[in-house]
Each structure stands twice: as C-alpha cells, then as structure tokens.
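K.L.:
Take a look at the following structure, please.
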Amino acid sequence: MKNLWAGQPTEEKQKEALALMLTEKSHPILKNIRKQLLLEISSWLVILCVYYSMFDGQMRPWIANGVFIMSMVQAIAFNISGYLVARNLIHGDNLVTSLSGYLISLKRFKWTSLFSRMIFMGGMLFFFLYGLDMDIRRVLAVGFIVVVSAGQLWFLHSQWSLKIDKLTSLQTNLVDTNNR
Amino acid sequence: MDESHFLQLISAHQQIIHKVCRLYRDTPIDREDLFQEIVFQLWRSIDSFRGQSTTGTFIYRIALNTAIATFRKEGKKNAVSYVDQVPDLPPENEDPAIAERKERLIGAIKMLEEADRAVIALVLDEYSYREISEIIGITENNVGVRVSRIKNKIKKLLTNHYGN
C-alpha cells in the first residue's frame, strides 16, 4: 500500500504559481466573499447617503433616523467580521484543538448572524412604520413581512446548524476510537 | 520567515498538499481551489512554526485542517462511487496495472470517513504513531487502534469492489 501511495501522480507547481497563492487577491473563496462584500457595503453606503431625502428622513424624529443608521452600520460591521472568520481556519496546534476553536467561532458567528439579521429587519420596520397610522391592510402587510423574515431566519439558522453539526461529528469521529 | 524561503519550503513539500487535495476533493477545480487555500493558510500560519516538529508534520497538519474545515458543495455521501470518477493521468511510462492499483487504493481511501482519511494518509507516508498523535491531537494508543481498524476497512472495500 505504501508503494502505491508514494507513487501517486501529481502535477508539479512552479514557485511563481505558488507565490500568487499567498495573496488574498487570488484566493478562490475569499475573492468571491470580497466581491459580494464590496457590492453589499457599497449598496448600503449609497442607501445611507440618500435615505434622508428619499425616505423622508427629515420628516422623522432623530430616534427613527438613529435606528435606521445603526441597523445599516451593524450589518456592514457584521459582513466584515464574516470575512475575517472565513480567513481564519487554523485555531490550534493539532486537528482536534483547531476544530474545537473553529467550531466555537462558527457557533458565535451563527448567533451573531441571526441577531444582526433581526436587528436589521427590526430597524427597517421601525423606521418605515414610525408615525404611520396602522389600518388593517398595513397590519396584514407588516404581519406578512414578519412571517417572511422569520422564514429567512429559520433558513439561515438551519444552514449554519448543518455546517456546525457536520464539523462537530467530524471532530467527534477524530477523537472516538469506538466508531464503526 | 521570508517569502522566498517559504516558497522553497512549499515547493519541496508540495506532494503532501497534492495528496491531501486528492483525498478530500473530487474534481480538478475543487482540488485546485483547496490547494490554493492550503498554501494561503500555510503562509498565514508559518510564523507559528518554530521547528518543534518537522516541516512535513507542520504542512500535513495545516493541510488536513484546511481540507476538513473548509466548506464545499455537499454531494450525497458516497453516492458517487470511486470507480465512476475520472482518474488522474498516470506517467506515460507507468505500467497500466500499477496505475490502476493506485487508483483503486485512492478510491478506497476516499470512501472512508474524513477523519480516517487523515490518519491513513499519515500512516502511508510513514509518520510514526507519536507524530500522528501530535498532528491529530489523540493518544498514540488511540492512533494504533484506529490504524488497524482502518486497514481492515480498506481491505474490505478493495475486496468488495475488486475481489483482490
């Protein structure tokens, strides 16, 4: 088996090609996250710049404007922290310790992600509904938005849970000698 | 460590990264992406390497950690049999029978649990149980138990699929 393993065919990479891999710019996963991040942050910044006149910010009290701005800013900060989590995969001197550290940071990130989404949705609703007379049609519309948002949160939660459960079972598998 | 020294190190040990990529990814594109990710993580972690372990041990640890921790598109577990996957081209002068046996071995290892793949790769690259226990973070005794169980699994897989 050792001889067969040692002679596996591989393609030799030159140092120039390896050098390109050291930068975040050419990183396959981070490059895509960064593109998405830039797109989202720039859209939010544009909204922040124009919301005051476009969404009647001047006609609302400072608290509604403050909540709107805080909701946007925390969403931007959360996106940046997501990028940093994706960059840091190594958390220890061996696989078991490193996976434990990574799992802790993923679990923290999962809850931060859910809270950030809730704050964002809550902030938007607060800003746009502030001072509005609520008739039955509006109440139904808000109810619909809340249900859709809750569905999104549930989906987000289950996606994160799937990833975390997979890594947790892998970590258990690494430590457990009695499995199958 | 400066960049040119690091590149020299990676260049000399790139076989390790290639092997880990083959074990944990199925398509050439996914392997290439993982290769880049591993080199990037090695570069970020190189300052923590102070020579307590060998360079190979360090590279294996970061490579396995990266392969396991990064998320990829989920396929159905073991849904695609290894015999269906396109094998890498063997060297031109290689005996086709040996090339086929290599593919079978890789195929069988890829059907193991991800944790077992890491252990058997280290065993096949002749790392001692002590080194394996340091890389994985389990006891030497635990490594011994796992290795004999994994070898039995591989034998069974090879016998069930090829009858040899």
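The values are calculated or read from the model by the stated rules, or taken from the named source; none is laboratory data. None of the values given here were measured: they were computed from a predicted structure. Every residue, glycine as well, gets a Cβ built from its backbone with ideal geometry; the counts of neighbours run over all protein chains shown. For accessibility, only protein heavy atoms count, side chains too; no ligands or nucleic acids. Shrake-Rupley method; radii C 1.70, N 1.55, O 1.52, S 1.80 Å.
K.L.:
Would you tally the residues in segment A:56-73 being open to solvent by 40 Å² or more (accessible area, probe 1.4 Å) and either in a helix (DSSP H, G or I) or aromatic (Phe, Trp, Tyr) (or both)?
P.N.:
Summing the residues that are open to solvent by 40 Å² or more (accessible area, probe 1.4 Å) and either in a helix (DSSP H, G or I) or aromatic (Phe, Trp, Tyr) (or both) in segment A:56-73 gives 8.
K.L.:
Only one of these conditions is not met by B:GLU74: (1) at pLDDT below 80; (2) among the acidic types (Asp, Glu); (3) farther than 27 Å from A:HIS91 by Cα. Which number is it?
P.N.:
Answer for B:GLU74: the failing condition is (3).
K.L.:
With the structure loaded, tell me whether A:SER116 is in a helix (DSSP H, G or I), in contact with a helix residue (DSSP H, G or I) (Cβ under 6 Å, 6 or more places away or on another chain) and among the polar types (S, T, N, Q) or whether it fails that test.
P.N.:
So A:SER116 fits the description; yes.
K.L.:
Look through segment B:110-124, keep the residues that are charged (D, E, K, R) and more than 7 Å from every other protein chain (Cβ to nearest Cβ), and return whichever of them is least open to solvent (accessible area, probe 1.4 Å). Explain how you work it out, then say what you get.
P.N.:
Initially, segment B:110-124 is screened for residues charged (D, E, K, R), giving B:110, B:113-114, B:116-117.
Then keep just the ones that are more than 7 Å from every other protein chain (Cβ to nearest Cβ); that gives B:110, B:116-117.
Details: B:LYS110: 24, B:ASP116: 0, B:ARG117: 29 Å².
Of everything passing the filter in segment B:110-124, B:ASP116 is least open to solvent (accessible area, probe 1.4 Å).
K.L.:
Something else now. Just give me the residues in segment B:125-160 being open to solvent by less than 20 Å² (accessible area, probe 1.4 Å) and in contact (Cβ under 8 Å) with a residue 24 or more places away in the chain, in sequence order.
P.N.:
Result: B:ILE135, B:VAL143, B:ARG146, B:VAL147, B:ILE150, B:ILE154.
Residue-by-condition table, conditions (1) within 21 Å of A:GLN171 (Cβ to Cβ); (2) modelled with pLDDT of 90 or more; (3) in contact with a helix residue (DSSP H, G or I) (Cβ under 7 Å, 6 or more places away or on another chain):
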{"residue": "B:TYR24", "(1), (2), (3)": "yes, yes, yes"}
{"residue": "B:ARG31", "(1), (2), (3)": "no, yes, yes"}
{"residue": "B:VAL39", "(1), (2), (3)": "no, yes, yes"}
{"residue": "B:VAL83", "(1), (2), (3)": "no, no, yes"}
{"residue": "B:ARG104", "(1), (2), (3)": "no, no, yes"}
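K.L.:
Let me ask something else about it. For A:LYS110, only one of the following conditions fails: (1) open to solvent by 80 Å² or more (accessible area, probe 1.4 Å); (2) touching a Leu at 6+ places or on another chain (Cβ under 9 Å). What is its number?
P.N.:
(1)
K.L.:
Of (1) away from chain B (no Cβ under 14 Å); (2) surrounded by fewer than 17 Cβ atoms within 10 Å (Cβ to Cβ); (3) in contact (Cβ under 8 Å) with a residue 12 or more places away in the chain; (4) within 23 Å of the chain's Cα centre (by Cα), A:ARG117 satisfies all except one. Which?
P.N.:
Failed condition: (2).
K.L.:
Moving on. With respect to A:ASP133, is the statement that it is open to solvent by 80 Å² or more (accessible area, probe 1.4 Å) and closer than 27 Å to A:ALA64 by Cα true?
P.N.:
Yes.
K.L.:
Would you tally the residues in segment A:136-175 being open to solvent by 40 Å² or more (accessible area, probe 1.4 Å) and touching a Leu at 6+ places or on another chain (Cβ under 9 Å)?
P.N.:
Summing the residues that are open to solvent by 40 Å² or more (accessible area, probe 1.4 Å) and touching a Leu at 6+ places or on another chain (Cβ under 9 Å) in segment A:136-175 gives 6.
K.L.:
Out of all the residues in segment B:131-147, which are over 18 Å from the mean Cα position of the chain (by Cα) and part of a helix (DSSP H, G or I)?
P.N.:
Residues satisfying the conditions are B:GLU140, B:ASN141, B:ASN142, B:GLY144, B:VAL145.
K.L.:
Report every pair of residues separated by at least 6 positions or lying on different chains whose Cβ atoms are under 9 Å apart, first residue within segment A:123-138 and free of Cβ contacts under 8 Å to residues at least 12 places away in the same chain and farther than 20 Å from A:VAL73 by Cα, second among the charged types (D, E, K, R) and surrounded by 10 or more Cβ atoms within 10 Å (Cβ to Cβ).
P.N.:
Within 9 Å, the pairs are A:LEU132/A:ARG138.
K.L.:
Which number in (1) assigned to a helix (DSSP H, G or I); (2) in contact (Cβ under 8 Å) with a residue 12 or more places away in the chain; (3) open to solvent by less than 70 Å² (accessible area, probe 1.4 Å) marks the one condition that A:LEU89 misses?
P.N.:
Going through (1) assigned to a helix (DSSP H, G or I); (2) in contact (Cβ under 8 Å) with a residue 12 or more places away in the chain; (3) open to solvent by less than 70 Å² (accessible area, probe 1.4 Å) one by one, A:LEU89 breaks only (1).
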